Amino acid sequence: MSPLARRALITGASGGIGAAISRRLARSGLELYLHAHRGIERIEALARDLTAAGARAHVLQFDVTDQAAAQLALERTLASGPIQVLVNNAGIHDDAVLPGMSAQQWRRVIDVSLNGFFNVTQPLLLPMIRTRWGRIINMSSVAALTGNRGQVNYAASKGAINAATRSLALELASRGVTVNAVAPGIIDTDMSAGHFDAATIARLVPMQRAGGADEVAHLVDFLAGDAAGYITSQVVSINGGMI
């Protein structure tokens, strides 16, 4: 199937990495469904910019932790055709060392990353399977691979995403649908600003610099394309050599 006929959903598209992924997939000719929950102004501005550049971009607003709201929004989207590229990018930080972490901090981070993955992915699977072609890319983190102080909740949620990626990939491998995870390290975005100074980055990252959101987007774009058709069940790190 031509990429021009494919539709992609990017959750959390209002953030730095999500927006970069959206721009890159637009350049590859996909019709985009850009999701946001609270960052609706940013996502609407992104959709306008992409449309002005000749892309096809639509806005979806719902809370990924609200199963009923997600189901309703996705049913409306599926009414005009299947989603064949899904980028599960929605996620949050709420950092604290575990002895001082509240139950709300634990549950909220798990809810967005892990339950949000289920609430968005599950309704899209049968329509995707029927086309015999699909790409699911789940955004993970280096924290799931190495651990990180103050992020037990975040590392746990992303570690679960890695495990879900591998299991779902096995379920869908014979149907022409690949499932992979991308695990960024320190990426230069608004979310990471203020958390890592130059000295810390030089100490943690062998390349001694933060990655760019567009570098992550290039990797996602590759995994979303025909050339990556024999890559599935993988957690691909992009972290400047941190591990």
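The values are calculated or read from the model by the stated rules, or taken from the named source; none is laboratory data. For clarity, every value in this text was computed on a predicted model and none was experimentally measured. We place every Cβ from the backbone using ideal geometry, glycine too, and count neighbours over all the protein chains shown.
Give segment 86-119 a look and list any residue that's out of contact with any Leu (no Cβ under 6 Å at 6 or more places or on another chain) and under 19 Å from L170 (Cα atoms), or say none.
Our first condition is that a residue be out of contact with any Leu (no Cβ under 6 Å at 6 or more places or on another chain); within segment 86-119, this holds for 87-119.
Correct list: V87, N88, L114, F117, F118.
Filter segment 105-124 down to the residues that are β-branched (V, I, T) and within 24 Å of P82 (Cβ to Cβ) and list them by number. First the steps, then the outcome.
Initial filter on segment 105-124 (β-branched (V, I, T)): 109-110, 112, 120-121.
V120, T121, listed by residue number.
Restricting to segment 1-14, and then to whatever is surrounded by 23 or more Cβ atoms within 10 Å (Cβ to Cβ) and of a type outside the set (D, E, K, R), can you tell me which residue is modelled with the lowest pLDDT? Quick ask: steps written out before the conclusion?
If we filter segment 1-14 for residues that are surrounded by 23 or more Cβ atoms within 10 Å (Cβ to Cβ), which is where we start, we get 6, 8-14.
Narrowing further to those that are of a type outside the set (D, E, K, R): 8-14.
Values: A8: 98, L9: 98, I10: 98, T11: 98, G12: 97, A13: 97, S14: 93.
Within segment 1-14, the match that is modelled with the lowest pLDDT is S14.
I'm checking my understanding of the structure. Among residues of segment 186-200 that are within 20 Å of G15 (Cβ to Cβ) and modelled with pLDDT of 90 or more, which one is surrounded by the most Cβ atoms within 10 Å (Cβ to Cβ)? Please lay out each step first, then the result.
Of all residues in segment 186-200, those within 20 Å of G15 (Cβ to Cβ) come to 186-196.
Then drop every residue that is not modelled with pLDDT of 90 or more, which leaves 186-188.
Numbers: I186: 20, I187: 23, D188: 17.
Step by step, filter segment 186-200, then rank; the result is I187.
Residues checked against (1) under 28 Å from L30 (Cα atoms); (2) free of Cβ contacts under 8 Å to residues at least 12 places away in the same chain; (3) surrounded by fewer than 16 Cβ atoms within 10 Å (Cβ to Cβ); (4) not small (G, A, S):
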| site | (1), (2), (3), (4) |
| --- | --- |
| L172 | yes, no, no, yes |
| P184 | yes, no, no, yes |
| P206 | no, no, yes, yes |
| D221 | yes, no, no, yes |
| G225 | yes, no, no, no |
| I238 | yes, no, no, yes |
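How about segment 42-83: which of its residues are more than 18 Å from the chain's Cα centre (by Cα), in a loop (DSSP other than H, G, I, E, B) and charged (D, E, K, R)?
The one that is more than 18 Å from the chain's Cα centre (by Cα), in a loop (DSSP other than H, G, I, E, B) and charged (D, E, K, R): R56.
Give segment 95-110 a look and list any residue that's within 18 Å of the chain's Cα centre (by Cα) and either surrounded by 17 or more Cβ atoms within 10 Å (Cβ to Cβ) or not in a helix (DSSP H, G or I) (or both), or say none.
From segment 95-110, those within 18 Å of the chain's Cα centre (by Cα) are 108-110; that's our starting set.
Listed by number, the residues that qualify are V109, I110.
Going by what's in this entry, would V216 be described as under 29 Å from R6 (Cα atoms), of a type outside the set (G, A, S) and surrounded by fewer than 18 Cβ atoms within 10 Å (Cβ to Cβ)? Spell out how you get there, then give the answer.
Numbers: under 29 Å from R6 (Cα atoms): yes; of a type outside the set (G, A, S): yes; surrounded by fewer than 18 Cβ atoms within 10 Å (Cβ to Cβ): no.
When the stated conditions are applied, V216 does not pass them.
Would you please name the residue that is surrounded by the most Cβ atoms within 10 Å (Cβ to Cβ), looking only at residues in segment 111-168 that are under 27 Å from L78 (Cα atoms) and aromatic (F, W, Y)?
Among those that are under 27 Å from L78 (Cα atoms) and aromatic (F, W, Y), it is F117.
Give segment 43-89 a look and list any residue that's without any contact (Cβ under 8 Å) to a residue 12 or more places away in the chain and either of a type in the set (S, T, Y) or in contact with a Cys (Cβ under 6 Å, 6 or more places away or on another chain) (or both), or say none.
Going residue by residue through segment 43-89, those that are without any contact (Cβ under 8 Å) to a residue 12 or more places away in the chain are 45, 48-49, 51-52, 54, 68-69, 72, 76, 79-80.
Of everything in segment 43-89, those that are without any contact (Cβ under 8 Å) to a residue 12 or more places away in the chain and either of a type in the set (S, T, Y) or in contact with a Cys (Cβ under 6 Å, 6 or more places away or on another chain) (or both) turn out to be T51, S80.
Within segment 23-41, does at least one residue satisfy the condition of being under 21 Å from M139 (Cβ atoms), part of a loop (DSSP other than H, G, I, E, B) and in contact (Cβ under 8 Å) with a residue 60 or more places away in the chain? Steps first, answer last, please.
Here is the first cut: in segment 23-41, the ones under 21 Å from M139 (Cβ atoms) are 23-28, 30-40.
Then drop every residue that is not part of a loop (DSSP other than H, G, I, E, B), which leaves 28, 30, 37-39.
Adding the requirement that they be in contact (Cβ under 8 Å) with a residue 60 or more places away in the chain leaves 28, 30.
There is at least one residue in segment 23-41 that is under 21 Å from M139 (Cβ atoms), part of a loop (DSSP other than H, G, I, E, B) and in contact (Cβ under 8 Å) with a residue 60 or more places away in the chain.
Within segment 179-189, identify whether any single residue is within 23 Å of S113 (Cβ to Cβ) and of a type in the set (S, T, N, Q), and answer yes or no.
So the first thing to find is which residues in segment 179-189 are within 23 Å of S113 (Cβ to Cβ), and the list is 179-189.
Now drop any that are not of a type in the set (S, T, N, Q), which leaves 180, 189.
Scanning segment 179-189 turns up at least one residue that is within 23 Å of S113 (Cβ to Cβ) and of a type in the set (S, T, N, Q).
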